[in-house]
1. Of these, LEU37, LEU61, which one is in contact with a Phe, Trp or Tyr (Cβ under 6 Å, 6 or more places away or on another chain), surrounded by 13 or more Cβ atoms within 10 Å (Cβ to Cβ) and at pLDDT 90 or above?
2. With respect to the numbered conditions (1) within 30 Å of SER19 (Cβ to Cβ); (2) exposed (fewer than 13 other Cβ atoms within 10 Å of the Cβ); (3) within 20 Å of the chain's Cα centre (by Cα); (4) not aliphatic (A, V, I, L, M), which one is the sole condition not fulfilled by GLN77?
3. Test TYR119 against the criterion of being surrounded by fewer than 11 Cβ atoms within 10 Å (Cβ to Cβ) and either of a type outside the set (A, V, I, L, M, F, W, C) or closer than 30 Å to SER18 by Cα (or both), and give yes or no.
4. Kindly evaluate ILE103 against the criterion of being closer than 14 Å to ASP10 by Cα and modelled with pLDDT of 80 or more.
5. Kindly list, by first and then second residue, each pair from a residue in the range 157-179 that is assigned by TED's automatic domain parsing to the domain that holds LEU130 and within 21 Å of GLY124 (Cα to Cα) to a residue that is of a type in the set (S, T, N, Q) and surrounded by 11 or more Cβ atoms within 10 Å (Cβ to Cβ), limited to pairs with Cβ atoms under 8 Å and residues at least 6 apart or on different chains.
Amino acid sequence: MVIFDTSMVDYYSILEISSSATEEEIRRAYRKKAKELHPDVNTSPDAHHQFLLVQKAYQILTDVFSKQQYDRQRRAQDPLQSYQEWAREQRLRQERAARQQYIDQLAKREHIRKSKMYYPYIAGIYIISLVVLSFCLAILLGCAFLILKYSFFMFFFLLPFICVAAYVLKFTFVKFKEERAYMAAIS
């Protein structure tokens, strides 16, 4: 059984990668660091030692079992770092999900705009809203005319019609605004 002393060495920082790096990212980072620290290229006195550390980091992080064991010991040592990594991964996951949702929204928007029903739908919204508004205003004006022509007591008889017309007016304005906002969002 291999035991890693992670109190001295952080293999992720040696390769300059995050703990959520994929195998391809680990391989790329290893090649970059190996080229940089190879004793034939790097003339510093500790180049050989650094190169061996890079090789050890690559060896540990590419082997699934060793990496899992290393990560477990690393998390056990510093719970705050483990939490910070978890929080960073959650943020990245949320950003990816938001980006994917935005891309899906753009695709949906483009699909709707190319649809044959897009412009008739917009025209329908305006025409229906105009008809409903005209109808409600006609009811309200008719009620006002009857009240003024006959008597104020007619108001109590016409009150349900007035309330329905006022409610429909309000509802129509709200729905019209919602539809316009939706169409603006997908346009």
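1. Going through LEU37, LEU61 in turn, just one is in contact with a Phe, Trp or Tyr (Cβ under 6 Å, 6 or more places away or on another chain), surrounded by 13 or more Cβ atoms within 10 Å (Cβ to Cβ) and at pLDDT 90 or above: LEU61.
2. (3)
3. Details: surrounded by fewer than 11 Cβ atoms within 10 Å (Cβ to Cβ): yes; either of a type outside the set (A, V, I, L, M, F, W, C) or closer than 30 Å to SER18 by Cα (or both): yes.
Criteria met by TYR119.
4. Values: closer than 14 Å to ASP10 by Cα: no; modelled with pLDDT of 80 or more: yes.
Considered against the rule, which asks whether it is closer than 14 Å to ASP10 by Cα and modelled with pLDDT of 80 or more, ILE103 comes out as no.
5. Qualifying pairs under 8 Å: THR172/SER129; LYS175/SER129; PHE176/SER129.
This table checks each residue for (1) modelled with pLDDT of 85 or more; (2) under 30 Å from ALA185 (Cβ atoms).
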position: ARG109; (1), (2): no, yes
position: LYS116; (1), (2): no, yes
position: TYR119; (1), (2): no, yes
position: ILE125; (1), (2): no, yes
position: LEU130; (1), (2): yes, yes
position: SER134; (1), (2): yes, yes
position: ILE139; (1), (2): yes, no
position: CYS143; (1), (2): yes, no
position: PHE155; (1), (2): no, no
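The values are calculated or read from the model by the stated rules, or taken from the named source; none is laboratory data. Not measured: the values here are computed from a predicted model. Counting neighbours? That spans all protein chains shown, and the Cβs are built from the backbone with ideal geometry, glycine included.
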